[in-house]
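Heads up, the thing below is written out as structure tokens.
The values are calculated or read from the model by the stated rules, or taken from the named source; none is laboratory data. Model, not experiment: these values are computed from the prediction. A quick note on method: Cβ atoms are made from the backbone with ideal geometry, for glycine too, and the neighbour counts reach across all protein chains shown. The protein model used for the area step is the full one, side chains on, heavy atoms only, and it has no ligands, DNA or RNA in it. Shrake-Rupley method; radii C 1.70, N 1.55, O 1.52, S 1.80 Å.
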Amino acid sequence: MLAKKIQSFFSNYFKFEPDYFTVGGWRKDLAYFIAQGNIWAHIVDRIKFRIFPKLMIVPAFPSHIDVEAASSCQMRCPMCYTTYMPDNLKGTMKWELYTKIIDEAARRHVYSIKLSWRGEPLLNKRIVDMVRYAKDKGIKEVAFLSNAELLNAKIAEQFVDAGLDWLSISADGVGEVYNEIRQPAVFEETIKRVRHMKEYRDSKGLSKPLLRVQSVMSAVENDPDAYHAAWEGIVDRINIISDHIRDFEDRDDLEYDPYYVCSKPWNRLNIAYDGRVHQCGADYSAKTIVGDCNTHSLYEIWHGVGNRKVRDAFRRHTYLDDLPACRQCSYGLVRELVEVNVGEAGVKAGRYKSVPKIVGEKGVNLHTPEDKLTSRQKKKREQGHASPSD
């Protein structure tokens, strides 16, 4: 037991985002880091964000906050919890609640805000205002993830003008693989939307928002060069992320590291659209609520009983028993390294040993159930994969 504990300690202590890899390796990461600006403040933030959790140091206030602009989504991707999420957990954040959160975050010098979690942030009609408000309040880094299907030319330009710092596009695979997973989005149209945003940004002589794209590993590993070629020159960074658990039910066949210590209880707050603060981003269905922004300050929640219990569960190595959401999270799973070759570069990518692939050699393995499809998706299925001109 002691040997396993020591092995786990060294495995986790020296790894940051072990399932997340950049095509081009450390050189690309360094260039992206420099392009983000605020170099000294960013270094200080990275120390608090990366190193403090390893030492289980609780800072006076988190340097990063996830603020869910919307938990709803217009798509029904087969590997996304939002596809299966009950309607009572879907909604968009109200403006008054958002400004309350940002006002305190700014007073306490939060470095970064991410305006996404379970849903598509572009469904919040005030998403551009949300970006602008946070930037006007002095938040150094404001960003979000998006599937980009709603990223038309007008809103793309508004984000650039509002001061968005980075945008991450979730785009799994290319061509028909992408079209099947991200139905009813069409790969060529997504490329076109992101390209327009970059061209507008560049035309203004700006370096931001930095644009990045990410795909699950199994969707690109059979032809990673095609993914690289499709996005090179359009985005500033191309990322690959390991396949995660996607059935959102407790399973007995998953191999967890009992001594894993998650960084999230020490570096961020995860605020849902309704103001409730979940244990972390893996707590999709509100299994462990540690506070509510409607009735308490962020400071009170950060240092409150709920968060202390979460941290104690990792200190005592009882997280798998005490925190139900951890059994639907991949971060504590045992990993193995595999090589993904992209062009002349080889990327050492971590794979969770007991998690099945979303995409196999014969195509997409995971499909959205018929009863979860939107009317647009059902129509698309009836028609077959549509052409980009549809």
Restricting the range 223-243 to residues that are open to solvent by 30 Å² or more (accessible area, probe 1.4 Å) and among the acidic types (Asp, Glu), the residue that is farthest from Asp165 (Cα to Cα)
Asp223
Index of the failed condition, Val261 passing every other in (1) modelled with pLDDT of 90 or more; (2) on the phi > 0 side of the Ramachandran plot:
(2)
Residue hits (the range 314-338; part of a loop (DSSP other than H, G, I, E, B), open to solvent by 20 Å² or more (accessible area, probe 1.4 Å) and farther than 15 Å from Pro265 by Cβ) are Val334
Might you let me know whether the range 95-115 holds any residue that is open to solvent by 10 Å² or more (accessible area, probe 1.4 Å), farther than 29 Å from Ala41 by Cβ, modelled with pLDDT of 95 or more and in a loop (DSSP other than H, G, I, E, B)?
no
Selection over the range 65-88 where residues are open to solvent by 20 Å² or more (accessible area, probe 1.4 Å) and either farther than 17 Å from Ser170 by Cβ or part of a helix (DSSP H, G or I) (or both) yields a count of 5
Please go through the range 45-64 and give me each residue that is part of a loop (DSSP other than H, G, I, E, B) and of a type outside the set (A, V, I, L, M, F, W, C), ordered by number.
Pro59, Pro62, Ser63
Any residue in the range 168-181 that is at positive phi, out of contact with any Phe, Trp or Tyr (no Cβ under 9 Å at 6 or more places or on another chain) and in a loop (DSSP other than H, G, I, E, B)?
no
Give me a count of the residues in the range 350-375 that are open to solvent by 30 Å² or more (accessible area, probe 1.4 Å), closer than 16 Å to Cys77 by Cα and in a loop (DSSP other than H, G, I, E, B).
5
If a residue must be in contact (Cβ under 8 Å) with a residue 60 or more places away in the chain, open to solvent by less than 50 Å² (accessible area, probe 1.4 Å) and not aliphatic (A, V, I, L, M), how many such residues does the range 285-313 contain?
5
